[in-house]
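Since the structure comes first, as structure tokens, the remarks are kept for the end.
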Amino acid sequence: MPTTNVTYLSVTSTFHTRLLAFVLTAIALTIFGIKVFQYNYPLTPGTQTTTWDFEIYLDFDTANQPVRIETFVPSNSDTRRVSQEQYYNGAFGLRLETDDDNGRKAIWTYRYPNDRKVLRYRARLEGETQRSPLPAEMHRPADRAPPESLNDLERQAFLVWSSDMRRRSADDDSLAELILQEIFVQKDADEIEALLPVLPPPLDRLTLAAEALQSQGIRARVANGVYLDEARRRTEVQHWLEYHVDGRDKRYFIGSDPKEFFTIWYGTEEMIRADGVFDFEPQVSIQPIDSSASDVMRKAARADRTPVELFSFDRLPVTTQLVYQVLITIPAGIVLLVFMRQFIGIETLGTFMPILIGIAFRETALLNGLILFTLLVALGLAMRFYLEKLRLLLVPRLAVVLIFIVICMAVIAQMFNSANMRMGLSISLFPMVILTMTIERMSIMWEEYSPEDAIKAGAGSMLVASLSYLVMTNKHIEFLLFNFPELLLVLMAACLLMGKYTGLRLSEIRRFRELAKEAEPK
Amino acid sequence: MIKTWLGLRRAGVLGINERNLRLINDYNPRRLMRLVDDKTETKRLANAAGIQTPELYGLIRSPAEMRKLETLLNHPDGCVIKPANGSQGNGIQVILGPMRGGWRRSNGQRALLEDLKFHVNNILSGMYSLSGQPDIAMIEYRVKFDDVFDPISFGGVPDIRIIVLRGIPFVAMVRLPTAESDGKANLHKGGVGVGLDLVTGRTLYGMQKGKTTDIHPDTANPLSNISVPHWDEMLLMAAKAYDVTGLGYLGADIVLDKGKGPMLLELNARPGLAIQVANRMGVRPLIEACMKADTEGLNAEQRVELGKKLYREHVPDHVLV
């Protein structure tokens, strides 16, 4: 009897689904409950994020010859806090060298290594701000002498220029202001160009400024470190100037002042120097941690090695953690997408395309992303319709559109770059394959259905992409999922239950509304 | 909004979610879907069971077989070129017959051999197939439409869709081309759907773009009270389609040829829900009845009678007025 079989199957599968959803939710909430009630995990991200996870990750190839890698590492001092330092040395020998003038260096050596090696340094940093005091040695008076590196002629020019500065200022404070102004703001002055030491920018100007200030009896030096602004998998080393004038500690940053930063070393040396390696890929990453939250977790993990520790990303390297911080929010976006499709009935281009677009928005931020995406899709569609006239085969046509998109992106990046907008640079990370597929699907819809349908689906995709972006970047959702990954099971259960929804979609209530009138009881 | 929703529940209107879960998932095993996605396979099965389909003149499976195209096109009655795995009428070219230097298209324009070769190439490269997979081009008999629908169609191909559950035909409509739909009977392109009385084959009301209408938008003739000829034969074809494919839930698309009578054009394993609007009723009561009905040992004729009986029992009064 096929009939009863079918009904039987349908009923048990519904029961089965509900049971599975219930079990998954129960497991997740149990782990969640243990974490919250027994180990006091916090449920919301803290407000203060002045503690940062800092990591130097060195990845390189060796070829059986002695290797020596030196890198400056953060150090404790009366003004700065570094804690929980960890060195991952592998078979390398590690030596730490502290030099009062420059900073602390970690030196890894190995005589006959082979294969690919990885070295890692990890620590927790307390961020510094503009108000943080400078180290005590900066408070000693400076000796007034022109820099020694100059030849006689340059020395003459330097003296003329610095005495001119002195004449035009009232006191040390305004003198310092004037010198910095002259070097960093009115960049085109010829005499400055002539005086610049042979160093990569911006170190050349910073060094000149430090020397100029020193020559006027103002203690100054070039400081190097990182800006602590947001989680970054690859952060750039930054350079700035610190000086002490009229009993006050000051720092001069090129461009706008960072909210938080951390000073790692002084002088013009490079941060990392490597000998005897190939394919060297140093990576410096930073990630804010809510100190109260992570300390509690650390304590819980240390106290007794409970199974809940397994459900945490805290012990992974910072770079991996950052990847998972992005990955783990994707299911939240997917649940939203399922809801929008099954309950609201929003048409989108492709099943998971909106999620991919939403992830792409992370690179560009929402508004810029929407503008860029719409612009590129419109350009691509125009190209696609032109190609339609040439009657090309499918795959070559897709390739032409893809190349066209890359060209458009390059042109837009150039335009924004010359207009000095950061948006232009973020676009280069925008996934172009997603763009090409969107264009292709939209143009097929355009022809097979109608322009309105295509635009409607495009707008629907944008809407779902924007909402999923907002969900995926929501601080609380990110915090919850990252610290309680077991909640993914709850999301899975939600999808299971939605997979058994047989009711009308919101869009269908509109579509069939005329039928409701017919059924009015007379 | 809530009121509309309650009204729709009372009317037994089926949504896409429910169709996917309760009908397609439960009644149409994936391995059987292939039989209807590939129109050459459908044709073979239907012909074996004595269901009439447009005669197949030939297939072009690869660019190497392109040589055959010219002879196939030269059929004096004209022909139709269509992708074997196409959907929603995309990629179909109608050739009325040879004309000087080429062939006459249904819109009167001349098509050169080169144009048609390009079109066939597009079909082969999968431009019109469901998932972009390489496809086969079919060249087949051009149906000469019966003039029964002439007053209420505009330039093109009227066809009849009958939906069958467990071999029981239970709801039907006729789809009429309009100027807006560009000669195609697809409802989402602006074609008019007209509900049919399942027992008599008489037209009821119409709908276009989700809105009910009583007249054809181009010819302004009333849509109702036209009797579809060979109605019982069509219902029988639809019921037999279940026997040959095994698909529990399917839509049969049938056209009416002037000389040869009804012909099965294609079968659809995922028929849509617009038929509810065309018939001005929700189909859940009928579906529940078909699910419960005892079909053990019934042949196609008996299932047609069963369908008529269920339709009489469950159709709301306002539909047949």
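The values are calculated or read from the model by the stated rules, or taken from the named source; none is laboratory data. Remember, it's a predicted structure, so these values are computed and weren't measured experimentally. Because the Cβ atoms are built from the backbone with ideal geometry, glycine has one as well, and the counts that use them run over all protein chains shown. Surface accessibility is based on the protein's heavy atoms, side chains included, excluding ligands, DNA and RNA. Shrake-Rupley method; radii C 1.70, N 1.55, O 1.52, S 1.80 Å.
Would you say residue A:481 is touching a residue at least 12 places away in the same chain (Cβ under 8 Å), open to solvent by 20 Å² or more (accessible area, probe 1.4 Å) and more than 8 Å from chain B (Cβ to nearest Cβ)? So residue A:481 does not fit the description; no.
Screening region B:1-48 for helices (runs of 4 or more DSSP H) wholly inside it with 3 or more residues that are modelled with pLDDT under 90 and open to solvent by 40 Å² or more (accessible area, probe 1.4 Å) returns the ranges B:2-11, B:30-37.
Between A:169, A:163, the distinction of being of a type in the set (Ser, Thr, Tyr), more than 30 Å from residue A:79 (Cβ to Cβ) and more than 41 Å from the chain's Cα centre (by Cα) belongs to A:163 only. What's the number of the condition residue A:470 fails, among (1) open to solvent by 40 Å² or more (accessible area, probe 1.4 Å); (2) modelled with pLDDT of 95 or more? Tallying (1) open to solvent by 40 Å² or more (accessible area, probe 1.4 Å); (2) modelled with pLDDT of 95 or more, residue A:470 fails exactly one: (2).
Of all residues in region A:213-249, those that are surrounded by fewer than 18 Cβ atoms within 10 Å (Cβ to Cβ) and basic (Lys, Arg) total 3. Answer yes or no as to whether residue B:321 is closer than 19 Å to residue B:202 by Cα, out of contact with any Gly (no Cβ under 8 Å at 6 or more places or on another chain) and modelled with pLDDT of 90 or more. Answer is no for this residue.
Look at (1) over 30 Å from residue B:198 (Cα atoms); (2) away from chain A (no Cβ under 14 Å); (3) open to solvent by 50 Å² or more (accessible area, probe 1.4 Å) and you find that residue B:133 fails only one, number (2). Apart from one condition, residue B:102 fits all of (1) within 27 Å of residue B:155 (Cα to Cα); (2) more than 14 Å from every other protein chain (Cβ to nearest Cβ); (3) open to solvent by 30 Å² or more (accessible area, probe 1.4 Å); (4) at pLDDT 85 or above; the exception is (3).
Checked against (1) part of a loop (DSSP other than H, G, I, E, B); (2) within 30 Å of residue B:214 (Cβ to Cβ), residue B:170 meets all criteria but (1). Taking the criterion of being part of a loop (DSSP other than H, G, I, E, B) and surrounded by fewer than 16 Cβ atoms within 10 Å (Cβ to Cβ), the residues of region A:136-154 that qualify are A:140, A:141, A:143, A:144, A:145, A:148, A:149, A:151. Of all residues in region B:1-26, those satisfying the criterion of being farther than 13 Å from residue A:505 by Cα and facing chain A (nearest Cβ under 7 Å) are B:7, B:10, B:11, B:21, B:22, B:26.
Considering only region B:139-159, how many residues are out of contact with any helix residue (DSSP H, G or I) (no Cβ under 6 Å at 6 or more places or on another chain) and either at positive phi or assigned to a strand (DSSP E or B) (or both)? Break it down stepwise before answering.
Of all residues in region B:139-159, those out of contact with any helix residue (DSSP H, G or I) (no Cβ under 6 Å at 6 or more places or on another chain) come to B:140-157, B:159.
Narrowing further to those that are either at positive phi or assigned to a strand (DSSP E or B) (or both): B:140, B:145, B:155-156, B:159.
Count: 5.
When region B:59-84 is limited to residues that are touching a residue at least 60 places away in the same chain (Cβ under 8 Å) and either among the basic types (Lys, Arg) or touching a Cys at 6+ places or on another chain (Cβ under 9 Å) (or both), the one that is least open to solvent (accessible area, probe 1.4 Å) turns out to be B:73. Checking every residue in region A:214-237 against the condition of being assigned to a helix (DSSP H, G or I) and in contact (Cβ under 8 Å) with a residue 12 or more places away in the chain gives at least one match. Do you know which residues across region A:338-359 are under 21 Å from residue A:324 (Cβ atoms) and open to solvent by 10 Å² or more (accessible area, probe 1.4 Å)? Correct list: A:352, A:356, A:359. Where strands (runs of 3 or more DSSP E) sit wholly within region B:204-321, those with at least 3 residues that are away from chain A (no Cβ under 14 Å) and open to solvent by less than 10 Å² (accessible area, probe 1.4 Å) occupy B:249-257, B:261-268. Number of residues in region A:484-514 that are in contact (Cβ under 8 Å) with a residue 60 or more places away in the chain and either part of a helix (DSSP H, G or I) or away from chain B (no Cβ under 14 Å) (or both): the value is 18. Based on this model, can you work out whether residue B:174 counts as touching a Gly at 6+ places or on another chain (Cβ under 8 Å), open to solvent by less than 10 Å² (accessible area, probe 1.4 Å) and away from chain A (no Cβ under 12 Å)? Considered against the rule, which asks whether it is touching a Gly at 6+ places or on another chain (Cβ under 8 Å), open to solvent by less than 10 Å² (accessible area, probe 1.4 Å) and away from chain A (no Cβ under 12 Å), residue B:174 comes out as yes.
For the structure I just gave you, tell me whether residue B:230 is assigned by TED's automatic domain parsing to the domain that holds residue B:304, farther than 25 Å from residue B:284 by Cα and free of Cβ contacts under 8 Å to residues at least 40 places away in the same chain. Please lay out each step first, then the result.
Details: assigned by TED's automatic domain parsing to the domain that holds residue B:304: yes; farther than 25 Å from residue B:284 by Cα: yes; free of Cβ contacts under 8 Å to residues at least 40 places away in the same chain: yes.
Yes, satisfied.
Quick one: which strands (runs of 3 or more DSSP E) lie wholly within region A:56-111 and hold at least 3 residues that are open to solvent by 60 Å² or more (accessible area, probe 1.4 Å) and closer than 17 Å to residue A:272 by Cα?
A:93-99
Considered as a group, the residues in region A:171-212 that are touching a residue at least 24 places away in the same chain (Cβ under 8 Å) and assigned to a loop (DSSP other than H, G, I, E, B) include one that is surrounded by the fewest Cβ atoms within 10 Å (Cβ to Cβ), and that residue is A:171.
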